[in-house]
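Inspection log for the structure reproduced underneath, given as structure tokens.
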Amino acid sequence: MLSQTLPVDLEQLKQDLEGRLPAKCTVYVEGWPAMEPEVVIVTVKMYQVDTATIVGVELPFVALKWKQKTQQQVTGEVDALIQAELGKGLPPKGPEGFTRRPLR
């Protein structure tokens, strides 16, 4: 499993991020070792009641860049990117899914 080869536990990252995000946000942390072993995707979704729309963004990361970092450092960096996205406003879900940002 991908998280076993990194100093970052993906389930722990998800839990840490959930604790930092607004309650109305849902976060997913996913890796596909068989298909893309070096990529982890963090997806943030939110349902906007006033407009009845689902908004969200996919943030792909090169997980190998995390090898020299602690769990806490990775969580802080990912959270900072998510907070920046929330500050700008998450884009609405399109017909092909959520907006995917460039690989980081």
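We did not get these values from a lab; they are worked out from the coordinates using the rules stated. It should be emphasised that the depicted structure is a prediction, and the values quoted were computed from it without experimental measurement. Positions of Cβ are generated from backbone atoms using ideal geometry, with glycine treated the same way; all protein chains shown enter the neighbour counts.
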Fill in: Net length gained if the chain between ALA80 and ALA34 were fully extended (0.36 nm per residue, minus Cα distance)
13.7 nm
Practice prompt. Report the GluC sites (Glu not before Pro) located in the stretch 1-98 that are in a DSSP loop and have at most 13 other Cβ atoms inside 10 Å of their Cβ, or state none.
Written response: GLU96
Fill in: Length-normalised contact order of the stretch 40-104 in % [C-alpha pairs under 8 Å, at least 6 apart]
42
Discussion item. Only four residue types carry charge here, +1 at the Cβ of Lys and Arg and -1 at the Cβ of Asp and Glu. Report the dipole size of the chain about the Cα centre in Debye, rounded to the nearest 20.
Written reply: 220
Discussion item. Excluding same-chain pairs closer than 8 in sequence, count the lysine pairs in the chain whose Cα atoms lie under 17 Å apart.
Written reply: 8
Fill in: Helix 71-88 axis, angle to the chain major axis (alpha carbon atoms, nearest 10°)
20
Fill in: For the chain, the spread of Cα positions along each principal axis, largest first, Å
42, 27, 19
Worksheet item: Most fluctuating residue of ALA80, ALA63, ALA23 in a GNM of the chain with Cα springs under 10 Å: which is it?
Response: ALA23
